[in-house]
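K.L.:
Below are the structure tokens for one structure; questions will follow.
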Amino acid sequence: MKPPPRATAFTAAALLACLTGVSGMPAAQAADARALPSVNMEAVVKAAQIDPRRPDDTVTPGAKAGVLLVERALRDRKMLDAKWVDGYFGTTTVTAFAKFQRSLGFSGLAANGLPGKTSLTKLGAGRFTVTHAIAPGARVPDGDFVVDTRTRSMLAEAERLLGRDLVLLQGSYNPGGDPTSAGTHDGGGVVDISVKGMSSVTRTAAVRALRRVGFAAWLRSPDQADWPWHIHAAAINDTDLSSQAQHQTGDYYLGLNGLSGRGPDDGPKVTIRTWEEYRRR
């Protein structure tokens, strides 16, 4: 007796999956990909922000294995001296990764030394796979300003937690903007937020909400520089961060205030998480 049509279709599909692998590539190629070690992009990008700001060579927890794979690939391309293959994503490794990005024809923010999804995948071709991939997404309007999609989602969730809208004073991708920003807004992931009409309690609550969803955020006062009261926030692990904003997010992890004097953090204490970690919690 002939099998019913559905059973025949299922058998054919199963046979196709066995021959090609679930990804649609030939089975042997799929097996080779599964045999490669993996690099957790979230962890490696985090290390690239924190490690250059450390006073010693302590490695970022959870990042060493991935950083070593990245550094070995850079070494084999003659872009990083072997003595720096140590699992520590310091300034030398950031510089080497930026050099690799430029070798791909990238420039500007795409060659900022933070591993982007495309550059990290190209570096790992035949060597490692990339897991926990992150990307800033497209640039989108937020009022009169521009942010990336990831930052817009983070702001929306912070507004939900706070129970009120947040009004931007400055957005991202704003080179040559407010000189007091010292280049932090030149790339993506960084915004200044108005605190007009907020009580001191609400200001603190706003900073806390921003921190909870993955921003390195601080309340800024006129006593610190020639600027009005506002909240400055940089999205941790945004791969479009300018070098200055990268330094701020690294300092935030190290308990500092993100200013040039590198004083102690003066904001509300929260468990530090990236946006992706917040969403998975």
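Readers should treat all values here as calculations from the given coordinates under stated rules, not as data from a laboratory. Quantities reported herein were computed from a predicted structural model and do not represent experimental measurements. We place every Cβ from the backbone using ideal geometry, glycine too, and count neighbours over all the protein chains shown.
K.L.:
Could you state, as a whole-number percent, how many of the C-alpha pairs of the stretch 139-280 are farther apart than 19 Å?
P.N.:
Summing the P(r) of the stretch 139-280 above 19 Å gives 44 percent of all pairs.
K.L.:
Choose one of THR149, THR271, ASN40: the residue whose Cα lies farthest towards the positive end of the charge dipole of the chain (beta-carbon charges +1 Lys, Arg; -1 Asp, Glu; about the Cα centre).
P.N.:
Farthest along the dipole direction, towards plus: ASN40.
K.L.:
Would you work out the charge dipole size for the stretch 139-280 about its Cα centre, treating the Cβ of every Lys and Arg as +1 and the Cβ of every Asp and Glu as -1, and quote it to the nearest 20 debye?
P.N.:
I would put it at about 580 debye.
K.L.:
Let me ask something else about it. Out of GLY261, ILE193, GLY124, whose Cα points farthest toward the positive end of the dipole of the chain (charges: +1 Lys, Arg; -1 Asp, Glu; placed on Cβ)?
P.N.:
GLY124
K.L.:
Could you work out how far helix 5-20 tilts from the main Cα principal axis of the chain, as a 0 to 90 degree angle to the nearest 10?
P.N.:
Helix 5-20 sits roughly 70 degrees off the main axis of the chain.
K.L.:
Rounded to a whole number, what is D in µm²/s for the stretch 235-276 from Stokes-Einstein with the Kirkwood radius over alpha-carbon pairs (4 °C, 1.567 mPa s)?
P.N.:
The diffusion coefficient I find is 120 µm²/s.
K.L.:
Could you let me know the centre-to-centre spacing of the stretch 248-281 and the stretch 81-98, using Cα atoms, in angstrom?
P.N.:
23 Å
K.L.:
Can you tell which of LEU241, LEU162, LEU120 shows the greatest fluctuation in a Gaussian network model of the chain with Cα springs below 10 Å?
P.N.:
Greatest mean-square fluctuation among the candidates belongs to LEU162.
K.L.:
So which of LYS99/LYS122; LYS83/LYS117; LYS46/LYS117 end up more than 21 Å apart by C-alpha?
P.N.:
On the way: LYS99/LYS122 14 Å; LYS83/LYS117 26 Å; LYS46/LYS117 14 Å.
Pairs exceeding 21 Å: LYS83/LYS117.
K.L.:
Same structure again: Taking just the alpha-carbon atoms of the stretch 38-131, what radius of gyration and Dmax come out, in angstrom?
P.N.:
In order Rg, Dmax, the Cα atoms of the stretch 38-131 give 11.7, 35 Å.
K.L.:
Would you mind putting 249-256, 150-157 in packing order, based on average other-beta-carbon counts within 10 Å, highest first?
P.N.:
By packing density, highest mean first, the sequence is 150-157, 249-256.
K.L.:
When you take every Cα atom in the chain, what is the radius of gyration, and what is Dmax, the widest Cα pair distance, in Å?
P.N.:
Over the chain's Cα set, Rg and Dmax evaluate to 21.9, 87 Å.
K.L.:
About the Cα centre of the chain, what is the dipole size in debye to 20, counting +1 per Lys and Arg Cβ and -1 per Asp and Glu Cβ, all else neutral?
P.N.:
Its charge dipole is roughly 1060 debye.
K.L.:
Further, regarding this structure: With everything on Cα atoms, drop me the angle between helix 64-76 and the longest principal axis of the chain, reported from 0 to 90° to the nearest 10.
P.N.:
Compared with the principal axis, the helix lies near 70 degrees.
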